[in-house]
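J.: One structure, as structure tokens, below. Some questions next.
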Amino acid sequence: MSIEVKVPVLGESVSEATVGQWLKQPGEAVALDEPIASLETDKVAVEVPSPVAGIMGAHVAAEGDTVAVGALLGLIETSGVATAPAAAPAPAAAPAAAAVADDAAALSPAVRRAVLEHGIDPATVKGTGKDGRLTKEDVLAAAQAKQAAPAPVVAAPAPAPAPAPVVSVSGERREERVKMTRLRQTIAKRLKSAQETAAMLTTFNDVDMSAVMEARAKYKDVFEKKHGVKLGLMSFFAKASVLALKDIPAVNAQMQGDEIVYFDYVDISVAVSAPNGLVVPVVRDVDKMSFAGIEKAIADYGKKARDGTLTMADMAGGTFTISNGGVFGGLMSTPIINPPQSAVLGLHRIEDRPVVRDGQIVVRPMMYIALSYDHRIIDGREAVTALKTIKEAIEDPTRLLIDM
């Protein structure tokens, strides 16, 4: 009997997706709830589980096809699966090969790509993820260990003539065309739309990071031991942003039609780099969270982004965004607003620079910060004041504790 596999419900306001990859080919065995295909939506990659155990049948939709919610993806054949005669004894290597295949089938798309790219046997790597599942970091660590391991000394046959290296003919120029993923297309459309719709402007300031860096150096070990997560910069800036957004509500507002909507809560979208592009999961009710709670939430989202397991719910909403280009070495930038939000805070790299303190030139760890904002809602005075509030809170973290 043939069982239809259809495109599942993908989330609110999401009506279609692109078939990113078929994880099971026709003729391969499929277990109940085993991922058989990966769909790319506007925001995340979604794995489609098999509704039954059986044999993968025909692929109705091809990789790269756009499919609507409820559309037919493929077929699972169940006839004769349970009563199939036992196969003849296989060679000793067969069970191991089957185990590897089963392990590979359970891998997320990001991990599967890493396995194929580095030629790693997933059966030989211990997973550190949930329920012992492999993560991308596990595969990369195994690949590094493989490269570092000394090659076994064996008697080699007479050397064959070395093949000629593959080189480009002098003067030859090549091009490669790669179709944009649905996620990348959506990112492009949203960013361009933000520029065309919002009256976007950016204001800058610089921050002396001495106090925050001293606090982190003093408490990082105790903090990690107590809370199980590292004390990073993002929690300080998230807390400082809460102070600014409470003082200047327009920075935490959104334009909807001919109305401005003000929120009495702060949900901060945190820009995270994922294999398929930049994603912005939302840390909710940051105004009610502790430093440890913020750091844990950001760490969890970062891991989910790397593993390709972020969901639509993880990225829904958000009233303000923080983007840290400093982790990539950026000195200064003008971040683009994340619609329908009205402002985004851009962080950059920390570097020692000469500054004047009490009439003396001294060296301090400085960071440029930028606030891009929608001038239709936020006046220049409000934007500058909000950014100044963030600067002052970072330079004197005591303000974060006494709500100043």
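The values are calculated or read from the model by the stated rules, or taken from the named source; none is laboratory data. In this text the structure is predicted, and so the values were computed from the model without any measurement. Please note: Cβ atoms are built from the backbone with ideal geometry, for glycine as well, and neighbour counts cover all protein chains shown. What goes into the accessible areas is simple: the full protein's heavy atoms, side chains included, and nothing from ligands, DNA or RNA. Shrake-Rupley method; radii C 1.70, N 1.55, O 1.52, S 1.80 Å.
J.: At 1.4 Å probe size, what's the solvent-accessible area of Asp352? Round to the nearest 10 Å².
T.: Here the accessible area works out near 110 Å².
J.: Any idea of Tyr265's accessible area? Nearest 10 Å², probe 1.4 Å.
T.: Counting only protein heavy atoms, the figure is 80 Å².
J.: Okay, moving on. Which one, Val251, Phe223, Ala238, projects farthest toward the positive side of the charge dipole computed for segment 218-262 from Cβ point charges (K/R +1, D/E -1)?
T.: Of the options given, the answer is Phe223.
J.: On the Cα set of segment 336-390, report Rg and Dmax in Å, please.
T.: 14.7, 45
J.: Right, something else. Would you please give the residues with an amide H less than 5 Å from that of Ile36, counting only those at least 5 places away or on a separate chain, with H modeled from the backbone geometry?
T.: HN-HN under 5 Å from Ile36: Val48, Ser50.
J.: Here's something else I'd like to know. Roughly to the nearest percent, how much of the accessible area of segment 306-400 is carbon and sulfur, given a 1.4 Å probe?
T.: 54
J.: How large is the dipole of segment 224-377 about the Cα centre if only Lys and Arg carry +1 and Asp and Glu carry -1, each at its Cβ, rounded to the nearest 20 debye?
T.: The calculation lands at about 600 debye.
J.: If you take the Cα Rg of segment 292-378 and divide it by 2.2 N^0.38 Å, with N the number of residues, what do you get?
T.: Output field value: 1.40.
J.: Still on this structure, I have one more. Quick one: which of 188-196, 354-362 comes out on top by average Cβ neighbours within 10 Å, and what's the full order, highest first?
T.: So the peptides 188-196, 354-362, ranked by packing, come out 188-196, 354-362.
J.: Tell me whether segment 236-339 comes out rounded, prolate or oblate; compute the Cα gyration tensor, take square roots of the eigenvalues as a ≥ b ≥ c, and use a/c under 1.5 as the rounded threshold.
T.: rounded
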